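Chemist: The structure's right below; bear with me while I get my questions together.
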Amino acid sequence: MPENLLIRINEDRQVACVPPVDAERTVASDLEHWRAEVLASLANVLRKRPVDHRIAVLTIAVENGTSGGTEHGPLLLHELIDLLAVDVREILSEHAQAVRKECEIIRKMQESGLLEREVLRQIDHLVEALDEWDSSAHPFQRSAHARGQEHDESRALALSIRSLAVDLHNKGEFTAAAEHLTQSLHATFSNLSLVADTVTQDLETLASLREEKTKRARERGEWERSIRYEGSYGWPFSDKVQVSAEGLRHGRSHIRLEDMNRVRWGATRHSVNGIPTGTSYTIAVSSRTDVIRIECRSEDVFNGVVNSLHKSVLWRLIVELAGRLRDGQQERFGSLTVQDGGVFLSKSRFFKAAEVKYFPWSSILIGSANGAFSMSAAADRAFTGTSSYIADDNTHVLEALVRLLWKNGGDALSSVVFTNPKS
């Protein structure tokens, strides 16, 4: 109580010939009693109005009284808001239940495998329910914020919605849906300092993730366009061949890209009496259960399919081969028996079985001749081995891996792909 208040009160009482007040405690008690009466009077007046009218009045009062939550505001205002909070508790509970119901619907939609655009439409209904909550809870949020507190019911609801946004991204990669929901969360609960700070960080993270997702989608689209090929060959009845992100189609046969585990291709030149008569081309692609074999005389079809296979499956097959070799397996390609650190080559001998010897990669020479990938020992070129491009599966995969080792350097084929090859 101001120091001169008692003097001012007694001056007025002396003029009115009223006995003076001799204790500040008496003044404080009277003021408190008067404030309680004013508070009760205001509450009684407001309680005669519909609940939505009460909320609207309190919203205007708290916005003006606290300068939008930037100032503490009158104590009487906050006491009135706390007193009337009991009246809207049931309404807030109903609005909160509606919001949680929408959250549960969205969770079930995601779990059932619906597309993100369906979830986005449902989020619009959640935002509508959230707006209903906010219109009722706003004066109580603002009053708590002006006093350096948080509205507990709003905080609990905000955290449950944030949990949904996190799950939308983490469990379903619905980044756009998560970002849309988080933006609504940020707009509604900006009065909650701790929640607002967390949600702001979430928005920054989601924006970065969205950009990354957009970049991946763009790169995926560019990759799909780069591997796409469609052609036909033969006369009078042409055979169609198509390579796309869905796989290789030839006639009625189809093998998905991810199922391909063996490839081979090559060309054979033909001649009669030394006179060239053309070139035939062979492409074979296999999975665990199916084989597609293309034999044609069209160089354009051959180059188109092979280029697409190079871009779409060759690197995956290289990585898988390197992984098996790193794990200690040995692979057979034609007459070559390959291990991670070297290869077994053989030397023919008259009237005796061929001599087989192991050579590390540092002592090997490689080449290509007569439709085959060849290797020989640098110290003794009689030790050789070959793998046919047309007849033996994955010869092109082996050659690509070996040439990468030659280019990058190293002692093991797996070092081309893996940083720490197993010994």
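Chemist: Would you work out the Kirkwood radius for region 183-246? I mean one over the mean of 1/r across all pairs of different Cα atoms, in Å. All intermediate terms of the calculation are to be shown ahead of the outcome.
Modeler: Numbers: mean 1/r = 0.0633 Å⁻¹.
Evaluated on region 183-246, it is 15.8 Å.
Chemist: Where a Cα-Cα gap under 27 Å defines reach, which lysines qualify for LYS171, not counting those fewer than 8 residues away within the same chain?
Modeler: In chain and number order, the partners are LYS101, LYS108, LYS213, LYS215.
Chemist: Something else now. Radius of gyration and Dmax for region 51-221's Cα atoms, expressed in Å?
Modeler: In Å, with Rg to one decimal and Dmax whole: 17.9, 63.
Chemist: Can you compute the modelled spin-label distance between LYS101 and ASP197, with each label point 7 Å from Cα toward Cβ, in nm?
Modeler: My value for the distance between the label points is 3.6 nm.
Chemist: What list of ³J(HN,Hα) values in whole Hz, one per residue of region 133-140 in order, does the Karplus curve 6.51 cos²θ - 1.76 cosθ + 1.60 (θ = phi - 60°) give from phi, with Gly and Pro shown as x?
Modeler: Karplus-based 3J(HN,Hα) across region 133-140 equals 4, 5, 5, 8, 8, 4, x, 6 Hz.
Chemist: Working from Cα positions, state the angle (0 to 90°, nearest 10) between the long axis of helix 395-408 and the longest principal axis of the chain.
Modeler: 70 degrees
Chemist: Kindly provide the pair-distance distribution of region 324-416 built from C-alpha pairs, with 5 Å bins from 0 and whole-percent values in order of increasing distance.
Modeler: 3, 14, 25, 27, 20, 8, 2, 1, 0
Chemist: If you average 1/r across every pair of different Cα atoms in the chain and take the reciprocal, what Kirkwood value do you get, in Å? Mind dumping the intermediate values first?
Modeler: Details: mean 1/r = 0.0338 Å⁻¹.
It works out to 29.6 Å.
Chemist: Could you sort 288-294, 13-19, 138-144, 30-36 so that the peptide with the highest average Cβ count within 10 Å comes first and the rest follow in order?
Modeler: Packing proxy ranking, top to bottom: 138-144, 288-294, 30-36, 13-19.
Chemist: With a point put 7 Å past each Cα toward its Cβ, work out how far LEU115 is from GLU63 in nm, to one decimal.
Modeler: In this crude spin-label approximation the distance works out to 4.0 nm.
Chemist: Compute, for the chain, the length of the dipole vector about the Cα centre, with Cβ point charges of +1 (Lys, Arg) and -1 (Asp, Glu) only. Units Debye, rounded to 20.
Modeler: Values: 51 positive and 59 negative charges, 696 e Å.
Dipole of the chain, to the nearest 20 debye: 3340 debye.
Read-outs: derived from the displayed coordinates by stated rules, not from any lab. Because the structure is a prediction, the values reported are computed rather than measured. Cβ: placed from backbone, ideal geometry, glycine included. Neighbour counts: every protein chain shown.
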